[in-house]
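Notes follow once the structure below has been shown.
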Amino acid sequence: DRSVECTGSVQAMIQAFECVHDGWGVAVLVGVPSKDDAFKTHPMNFLNERTLKGTFFGNYKPKTDIPGVVEKYMNKELELEKFITHTLPFSEINKAFDYMLKGE
């Protein structure tokens with residue numbers, strides 16, 4: 001019994017954790033919540049042996065995994081352009097962070 005949350009919504013994270021099966025359920029949190037959000041659940045959810053995991057960057061290891069991703073991109077095996085939603089100059093980096101925090 002598994003669940004994966006990738007929205008960044010704390011309510012969705014809590015639901016993903018609380019919906020997995022007692023004893024062996026695993027919830028994996030991928031989405032990045034707002035800096036002011038708090039994850040709150042009843043302690044019995046942990047005592048009933050549910051497992052909560054999280055990941056950044058899909059658990060890529062920069063030194064060992066990123067060169068392979070770059071190689072796939074260079075060989076046109078990976079289409080990254082379709083994931084670009086905005087292009088901003090470095091001078092507008094704060095605006096870029098605002099877009100990210102808004103989920104845009």
For region 60-103, which semi-axes, largest first and in whole Å, follow from the square roots of 5 times the eigenvalues of its Cα gyration tensor? 26, 13, 10
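Take each complete run of DSSP H in the chain, measure how far its Cα atoms stretch along the helix's own axis, and keep only those covering 30 Å or more with mean Kyte-Doolittle hydropathy at least 0.0; list them.
Numbers: long enough: none.
The answer is none, since no helix passes both cut-offs.
In what sequence, highest mean first, do 5-12, 94-101 appear when ranked by Cβ atoms within 10 angstrom? Mind showing how you got there, number by number?
Numbers: 5-12: 16.1, 94-101: 12.0.
The peptides rank, most packed first, as 5-12, 94-101.
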Under 8 Å for C-alpha pairs, at least 6 residues apart: give me the relative contact order for the chain, rounded to a whole percent. 21
Using r as the Cβ-Cβ distance of H86 and D1, and R0 as 41 Å, what FRET efficiency do you calculate, to the nearest 0.05? 0.65
For H42 and F97, what is the calculated FRET efficiency with R₀ set at 30 Å and r taken between the beta-carbons, to the nearest 0.05? 0.35
Just to verify a number: FRET efficiency for E71 and V32, C-beta to C-beta distance, R0 = 22 Å, to 0.05? 0.25
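Could you sort F39, F90 by their accessible area in this structure, using a 1.4 Å probe and putting the largest first?
On the way: F39 70, F90 170 Å².
Ranked from most to least accessible, the order is F90, F39.
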Hey, what's the chain come to in accessible area per residue, 1.4 Å probe, Å²? 81
Given a 1.4 angstrom probe, I'd like the percentage of the accessible area of the chain that is carbon and sulfur, rounded to a whole number. 59
Counting alpha carbon pairs within less than 8 Å and at least 6 residues apart, what relative contact order, in whole percent, applies to region 1-59? 39
Can you compute log10 of I(q)/I(0) for the chain with the Debye formula, treating each Cα as one identical point scatterer, at q = 0.15, 0.20, 0.22 Å⁻¹? -0.84, -1.08, -1.15
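Can you give the net charge of the other residues whose Cβ lies under 13 Å from the Cβ of H21, counting K and R as +1 and D and E as -1?
Details: positive: R2, R50; negative: D1, E18, D22, E49.
Net of charged neighbours comes to -2.
Past the 15 angstrom mark, what percentage of all C-alpha to C-alpha distances in region 1-59 do you count? Write out the running numbers ahead of the final one.
Details: 754 of 1711 pairs.
Here the long-distance tail beyond 15 Å is 44 percent of all Cα pairs in region 1-59.
The values are calculated or read from the model by the stated rules, or taken from the named source; none is laboratory data. Here the structure is a predicted model, which is why all the values come from computation and not from measurement. Backbone-built Cβ (ideal geometry, glycine too); neighbour counts: all protein chains shown. Please note that ligands, DNA and RNA were not included when accessible areas were found on the heavy atoms of the full protein model with its side chains. Shrake-Rupley method; radii C 1.70, N 1.55, O 1.52, S 1.80 Å.
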